[in-house]
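What follows is one structure encoded as structure tokens, with my remarks underneath.
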Amino acid sequence: MRFPLLIVLVIVLVLGYLSLFTVDEREKAIMFRLGEIVRSDFEPGLHLKMPIINNVRKFDSRVLTLDSRPEQILTGEKKNVLVDYYVKWRIEQVEEYYRSFGGRESDALSRMAQTIKDGLQAELGNRTIREVVSDERTQIMRNVATKADEKMAPFGIDIIDVRIKQIELPANVATSVFDRMRAERERIAKEHRAEGEKAARIIRARADRERTELLADARRQAEELRGTGDAQATRIYAEAFSQDESFFDFYRSMQAYRESFASKQDILLLQPDSEFFQYFSGSAQGR
């Protein structure tokens, strides 16, 4: 009597165990009935199912990461670049996700990688390498994420973000790009140097003109001062000469003697009674 009861109890416990399942808050669940989806809107907690008839599959509902290998993308200059990126995504509609990929994450990642690559090609194909590398990376990532989210939404996937980690040039492309960038920088440097030399010439010409003007003005003022001084000296000499003519005759003769006899090598041939020697002969005493 006890043994059949024990068997019934075990069967009940097994059926009860097989009839219960839990859904974690980090999961999404789909219930099937003989392979057909019957429900997918389970809240986190404990739920019931029909043993054998129903089975449940669970999928991660957290934000996941696709870290793909670098893709080779052709830019608008017909140059290849290697783009290393990652994608943040999650399962939004679990039924659509299952119907699209049969629950195989590898298929979903493959489709997602191809979608991102197409988006990168569309964005980079309209830009130069310089724009891709430096100027417009943020806008490129935003555009790729938006378009990829639109394309993956019918598959039940929500693209949260696309981030470009690194953009590299293949070795053969890098050399030509760097040479072109160096040539561009040299051209800009030459333009700056030419502009600097032009400005220097203008400044030097202005300074020379101002110097010439200042010297000319200084000479003019000097000539005016010298003329004024000479006029005053002449006036003073004339006033002094008019006061004592004999004294100034004598004084000026002494100055002439001093200048004439300054050098011992000079020879003067003059008549002894020449007016030049009037103060030697005493002929000027009567004046």
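Just one of the listed residues (Glu36, Glu25, Glu96, Glu92) is surrounded by fewer than 11 Cβ atoms within 10 Å (Cβ to Cβ) and modelled with pLDDT of 90 or more, namely Glu25.
I want to confirm something. Restricting to region 58-75 and keeping residues that are surrounded by fewer than 15 Cβ atoms within 10 Å (Cβ to Cβ) and not polar (S, T, N, Q), which single residue is nearest to the chain's Cα centre (by Cα)? Quick ask: steps written out before the conclusion?
Going through region 58-75, the residues surrounded by fewer than 15 Cβ atoms within 10 Å (Cβ to Cβ) turn out to be 60, 62-63, 65, 67, 69-70, 72, 74.
Next, from what is left, pick out any that are not polar (S, T, N, Q): 60, 62-63, 67, 69-70, 74.
Working: Asp60: 43, Arg62: 39, Val63: 35, Asp67: 30, Arg69: 30, Pro70: 27, Leu74: 25 Å.
The qualifying residue nearest to the chain's Cα centre (by Cα) is Leu74.
Counting the residues of region 145-161 that are closer than 16 Å to Lys117 by Cα and touching a Ser or Thr at 6+ places or on another chain (Cβ under 9 Å) gives 5.
Filter region 168-218 down to the residues that are among the basic types (Lys, Arg) and either modelled with pLDDT under 90 or under 31 Å from the mean Cα position of the chain (by Cα) (or both) and list them by number.
The answer is Arg180, Arg182, Arg185, Arg187, Lys190, Arg193, Lys198, Arg201.
The listed residues are Thr65, Thr115, and the only one of them that is part of a strand (DSSP E or B) and polar (S, T, N, Q) turns out to be Thr65.
Residue under question is Glu239, and the condition is that it be acidic (Asp, Glu) and surrounded by 10 or more Cβ atoms within 10 Å (Cβ to Cβ); does it hold? No, not satisfied.
The values are calculated or read from the model by the stated rules, or taken from the named source; none is laboratory data. Here the structure is a predicted model, which means the values were calculated and not measured. Ideal geometry is used to build each Cβ from the backbone, glycine not excepted, and the neighbour counts take in all protein chains shown.
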